[in-house]
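Undergrad: Here it is, the structure in full.
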Amino acid sequence: MKVQAAYARQSVEKKDSLSIKGQLDLCQKAAGGEALTPYQDQGFSGKNTDRPDFQRLLRDIKADKISKLYVYRLDRFSRSIADFGQLWNVLQEHSVEFVSVTENFDTSTPMGRAMLHIIMVFAQLERETTAERVRDNYQSRAALGAWPGGPAPYGFSIGRIQAKDGRMVPTLIPVPEQCAIILRAFEEYAAGDMSLSLLARKFNDEGIPCAQRSCWDNVSLSRILHNPVYVNADAQVQLYYTSLGVNVVSPDSAFDGAHGLLLYGKRRANDRKYTDVKEHSLTVLASPGIVSPELFLTCQEKLSHNAQLKNAGKGKHTWLSGLMKCADCGYSISVMKDKSGHRRLLCSGRYNLSTCSSSIHVELTELEDSVASELERLLAECPEETPVVPEKDSYTEKLADIDRRADRLLDAFAASEKMDSPALARALDRLEKEREHLLEARKRERNRVQLPEKLVFSALSFEEKKLVAAQFIERIEIGEDSAEVKWIV
């Protein structure tokens, strides 16, 4: 059964301040003598909702124990219009009427509801104004080279320095032992055939503590290697980001090869990588970088190639490579072949990252036979078609993007009186090498063996089977003793 309640709050005892008892008495009078369940917070400010009995009241409201709530005055409930707007949503969701005794505010009446709508408008205005103030403060701090807010990135702690205008502002202070790990990550990733997954496995095997995670993986390493806070930014780094369409806030002289960068801008909640930065801004921080410009740019080029040329499906032990995922953790399933030729399925989340407990006993040969049988049936139902090389492919837009990046560099050079010509030439040369890499990759892909007009799966080569499987299968979820094929429909 629902009850009516009264809430009272008094931050400090003052001569002209109405006591908790006085507030509850007035609420009782407004209720016409009906019994009210009291909730009260003595010695708590109304600037936020972190009050013991207020939180108890909210719990009871959400448990649908209360039908009507009385307060002596609105500011006893909340001093923030924005907070009240959120609280009202809770009251409304659980059908709780609200009465402010001294302000004649009763949501059971049309006038009370009209007043509420006015308050909600101001609540939205307050939220938007607060967000704008936070954004302006963030950008003004960034323009001063200060750390604008939030936790420090891995490798740094937060300290304070005196800015150009004399104010003490936050800055990043290097943490030597973490900086050594970051430098090693850049150096080892840039070398030879090192991949993100191999480097993650190496760090985990050595017990190197990870940033914000229990262990290293592709994502944690990628975030570090993409982050310009670690580079000693010079003109080459400036040109690199200019070519990507980034709004460079700091002057050319700030890119002195001794300080890191802050790349900031609005990103979608699920877009955590620096994949599209055309709407972002870049400023030079007062804090030092960790890695050289040459090493940073080498890693960016390698990361860019990784994004352009997917590595999935390059396994040599089965034509199902790249399609198999662990049903428990979602990480890729790899194949290990022992000396006797037996092939075992291994979860990379378990053996590379130690994040999964799944032990797989699925026989790969049986899985291949089952999938091959179904593919054979599907191919038999397909109409005969001659393969055609499309005029546009996955490389077309990437090549066009390189052209756009080169145009941005030339436009920036034409608009600047201080941009270094040799630096521009080196930046353009990097783009040309990237173009050549893409053209070679597209040529290799187009030179693959063309599939026959009428396909018989058992007669296909290993690489052809991979191509066909990728056309029909979204993924194969591998459990400890079972496998489920998710077909593309």
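The values are calculated or read from the model by the stated rules, or taken from the named source; none is laboratory data. It should be emphasised that the depicted structure is a prediction, and the values quoted were computed from it without experimental measurement. Backbone-built Cβ (ideal geometry, glycine too); neighbour counts: all protein chains shown. Only protein heavy atoms, including side chains, enter the accessible area calculation; ligands, DNA and RNA are left aside. Shrake-Rupley method; radii C 1.70, N 1.55, O 1.52, S 1.80 Å.
Undergrad: Give me the pairs, please: first residue somewhere in region 363-380 and touching a residue at least 40 places away in the same chain (Cβ under 8 Å), second residue anywhere and charged (D, E, K, R) and exposed (fewer than 14 other Cβ atoms within 10 Å of the Cβ), beta-carbon distance under 9 Å, and either six or more positions apart or on two chains.
TA: Taking only residues 6 or more apart or on different chains, the pairs are L379/K454.
Undergrad: Could I ask something else about it? Pull up region 239-253, narrow it to residues that are assigned to a helix (DSSP H, G or I) and either free of Cβ contacts under 8 Å to residues at least 40 places away in the same chain or open to solvent by 40 Å² or more (accessible area, probe 1.4 Å) (or both), then point me to the one that is nearest to R435 (Cα to Cα).
TA: Taking region 239-253 and keeping what is assigned to a helix (DSSP H, G or I), we get 239-243, 252-253.
After this cut, where a residue has to be either free of Cβ contacts under 8 Å to residues at least 40 places away in the same chain or open to solvent by 40 Å² or more (accessible area, probe 1.4 Å) (or both) as well, the list is 240, 252-253.
Values: Y240: 15, D252: 27, S253: 30 Å.
Per the stated criteria, the residue is Y240.
Undergrad: Go through region 22-80 and give me each residue that's touching a strand residue (DSSP E or B) at 6+ places or on another chain (Cβ under 7 Å), farther than 17 Å from S11 by Cα and of a type in the set (V, I, T).
TA: T37, I66
Undergrad: Identify the single condition in (1) within 30 Å of H305 (Cα to Cα); (2) assigned to a helix (DSSP H, G or I) that G192 does not satisfy, given that it satisfies every other one.
TA: If we test G192 against (1) within 30 Å of H305 (Cα to Cα); (2) assigned to a helix (DSSP H, G or I), just (2) comes out false.
Undergrad: Test R51 against the stated conditions and say whether it is open to solvent by less than 20 Å² (accessible area, probe 1.4 Å), of a type in the set (K, R) and at pLDDT 90 or above.
TA: yes
Undergrad: Look through E417, E366, E397 and report the one residue that is surrounded by fewer than 13 Cβ atoms within 10 Å (Cβ to Cβ), at pLDDT below 85 and either under 29 Å from W487 (Cβ atoms) or aliphatic (A, V, I, L, M) (or both). Step through it out loud before you land on a result.
TA: Values: E417 fails: either under 29 Å from W487 (Cβ atoms) or aliphatic (A, V, I, L, M) (or both); E366 fails: at pLDDT below 85.
Testing whether each residue is surrounded by fewer than 13 Cβ atoms within 10 Å (Cβ to Cβ), at pLDDT below 85 and either under 29 Å from W487 (Cβ atoms) or aliphatic (A, V, I, L, M) (or both) leaves just E397.
Undergrad: Ok, one more. List, please: which pairs have Cβ atoms under 6 Å, are six or more places apart or on different chains, and start with a residue in region 209-224 that is modelled with pLDDT of 85 or more and end with one that is among the charged types (D, E, K, R) and open to solvent by 10 Å² or more (accessible area, probe 1.4 Å)?
TA: Final answer for the pair search is S220/R213.
Undergrad: Determine which member of the set R344, R404, R350, R444 is basic (K, R), crowded, with 17+ Cβ neighbours inside 10 Å and either at pLDDT 85 or above or over 17 Å from L320 (Cα atoms) (or both). First the steps, then the outcome.
TA: Working: R344 fails: crowded, with 17+ Cβ neighbours inside 10 Å; R404 fails: crowded, with 17+ Cβ neighbours inside 10 Å; R444 fails: crowded, with 17+ Cβ neighbours inside 10 Å.
R350 is the lone residue from the list that is basic (K, R), crowded, with 17+ Cβ neighbours inside 10 Å and either at pLDDT 85 or above or over 17 Å from L320 (Cα atoms) (or both).
Undergrad: Now, a different point. For residues in region 114-154 being touching a Ser or Thr at 6+ places or on another chain (Cβ under 8 Å) and at pLDDT below 70, which is surrounded by the most Cβ atoms within 10 Å (Cβ to Cβ)?
TA: Looking at the filtered set, the residue picked out is L116.
Undergrad: Does region 1-17 include one or more residues that are open to solvent by 70 Å² or more (accessible area, probe 1.4 Å), among the basic types (K, R), closer than 28 Å to A114 by Cβ and under 38 Å from the mean Cα position of the chain (by Cα)?
TA: First, pick out the residues of region 1-17 that are open to solvent by 70 Å² or more (accessible area, probe 1.4 Å): 1-2, 12-16.
After this cut, where a residue has to be among the basic types (K, R) as well, the list is 2, 14-15.
With closer than 28 Å to A114 by Cβ added as a condition, the list becomes 2.
If we keep only those that are under 38 Å from the mean Cα position of the chain (by Cα) as well, we get none.
Taking every residue of region 1-17 in turn, none turns out to be open to solvent by 70 Å² or more (accessible area, probe 1.4 Å), among the basic types (K, R), closer than 28 Å to A114 by Cβ and under 38 Å from the mean Cα position of the chain (by Cα).
Undergrad: When region 63-102 is examined, which residues are found to be under 32 Å from the mean Cα position of the chain (by Cα) and surrounded by 13 or more Cβ atoms within 10 Å (Cβ to Cβ)? Break it down stepwise before answering.
TA: Residues of region 63-102 that are under 32 Å from the mean Cα position of the chain (by Cα), as a first pass: 80-90, 93.
Scanning region 63-102 gives S80, I81, A82, D83, F84, G85, Q86, L87, W88.
Undergrad: Looking at this structure, is D193 open to solvent by 20 Å² or more (accessible area, probe 1.4 Å), modelled with pLDDT of 90 or more and of a type in the set (D, E)?
TA: no
Undergrad: Still on this structure: Among (1) open to solvent by less than 70 Å² (accessible area, probe 1.4 Å); (2) modelled with pLDDT of 85 or more; (3) not in a loop (DSSP other than H, G, I, E, B), where does E294 come up short?
TA: (1)
Undergrad: Name the residues in region 150-192 that are touching a residue at least 60 places away in the same chain (Cβ under 8 Å), farther than 21 Å from C299 by Cβ and of a type in the set (S, T, Y), would you?
TA: T171
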